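In what follows, a single structure is set out as structure tokens and then discussed.
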């Protein structure tokens, strides 16, 4: 697909202004270590850090162990108690996969497939960062995502992360994964329904538009927001979403004993950077992610996939 054909496809999904902004920021800023986005420093683009981390882990005889840790994906269960949840959705289960960084290591796709293959759920959502780098080719990412998609059951919805170019959208949707770009969709069970909304990356590209995503969602409806990063939790709550599912932080990826992260790379309180949380009555969950970036290692912070079980308040 040439550049003009790709642009025309994308213009059918987002406004011309949004597309020009997104592509312009990608061209200018996607490789930078400093500036742009909600945080000043972007650790994923500091390439000399990779060798330093590997060197420290090798000297401490923990490199092999930490690489094995990054491939031991754990299954988490999270109870989402939502006021006004229609009776038909009692026990409804959503599988969340976040931050797989599928092309960062050759075996990441296989490890993720093995983790999700035996699971039972009603819907699957992907909360961003499919690519390992923040720039460059993405064919390998799409190939790996296609492998994973073949093992995912039913409908799958996704949002973009700060590692993902908007140019990936046509390829992702060709797999049968609907990418929500400041949009929402209706999830029905019989005559009852809930709403699932998703926004463009709110961390680096600042492409999020909650007003557009929530447009025409009824005031009394149950709505769940997909966002790559937890950093817009305040705005999401006041936009009247009942729940927000996100990722980005990796839970810290390299943590002190007890799971205390050295850094979370997100402009939000640490309480919102891993696991379940609540803000002003909006239930939230920040997944630790199934993959790893910068270095394919994890310490005291296992990768995860998450089953969210919906229950009535």
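The numbers here are math on the coordinates, done by the rules we state, and not lab data. Predicted, not measured: the structure shown is a model, and the values here were computed from it. When we count neighbours, we look across all protein chains shown, and the Cβ atoms used for this are built from the backbone with ideal geometry, even at glycine.
Structure notes:
- Of the beta bridges in the chain, as assigned by DSSP with both residues counted there, near 40 percent are antiparallel.
- Each residue in 246, 167 was given a count of other beta-carbon atoms within 10 angstrom of its own, and listing them fewest first yields 167, 246.
- Note on residue 309 and residue 178: the extension gain reaches 45.0 nm, defined as 0.36 nm multiplied by sequence separation minus the Cα-Cα distance.
- Calculated FRET efficiency for the pair residue 140/residue 270, C-beta based, R₀ 25 Å, to 0.05: 0.15
- Note on region 1-29 and region 187-246: Cα centroid distance 23 Å, given to the nearest whole angstrom.
- Sorted on the mean count of surrounding Cβ atoms within 10 Å across their residues, most packed first, peptides 301-310, 13-22, 156-165 read 156-165, 301-310, 13-22.
- Size check on region 3-312: the Cα extents along the three principal axes, sorted descending, read 60, 45, 36 Å.
- Semi-axis lengths, largest first, of the ellipsoid equivalent to region 109-267 are 24, 21, 17 Å, with √(5λ) applied to each eigenvalue of the Cα gyration tensor.
- Mean separation of Cα contacts under 8 Å, 6 or more apart, over the residue count of the chain: relative contact order %: 25
- In range of the label at residue 48: residues from region 279-300 whose backbone nitrogen is under 18 Å from the point 7 Å along Cα→Cβ: 294-295
- Relative contact order %, region 94-230, counting alpha carbon pairs below 8 Å whose residues are six or more apart: 21
- Value of relative contact order over region 1-130, rounded to a whole percent, pairs C-alpha under 8 Å and six or more apart: 17
- P(r) tail fraction, region 189-279 - alpha-carbon pairs more than 23 Å apart, %: 30
- R0 of 25 Å, Cβ-Cβ distance residue 16-residue 215: FRET efficiency to nearest 0.05: 0.85
- Backbone N within region 106-124 under 14 Å of label point (7 Å from residue 77 Cα along the Cβ vector): 119-121
- Gain on full stretching of the segment that runs from residue 193 to residue 150 - 0.36 nm per residue minus C-alpha separation: 12.8 nm
- For region 78-148, the equivalent ellipsoid derived from the alpha-carbon gyration tensor has semi-axes of 30, 14, 9 Å in decreasing order.
- Estimated translational D of region 118-160 in µm²/s (Stokes, Kirkwood radius over Cα pairs; 37 °C; 0.692 mPa s): 282
- Residue order for 235, 184, 101, 248, fewest other beta carbons within 10 angstrom first, comes to 235, 184, 101, 248.
- Over the chain: helical MRE at 222 nm, DSSP H runs n ≥ 4 each giving -39500 (n - 2.57), nearest 500: -7000 deg cm²/dmol
- Residue 31/residue 9 FRET efficiency (R0 25 Å; Cβ-Cβ; nearest 0.05): 0.50
- Each of 179, 125 has some number of other Cβ atoms within 10 Å of its Cβ, and from fewest to most they run 179, 125.
- Largest-first ellipsoid semi-axes for region 136-187, taking √(5λ) over the Cα gyration tensor eigenvalues, angstrom: 18, 15, 8
- Computed over the alpha-carbon pairs of region 17-139, the distance histogram in 10 Å steps reads 9, 28, 30, 25, 8, 1 percent, short to long.
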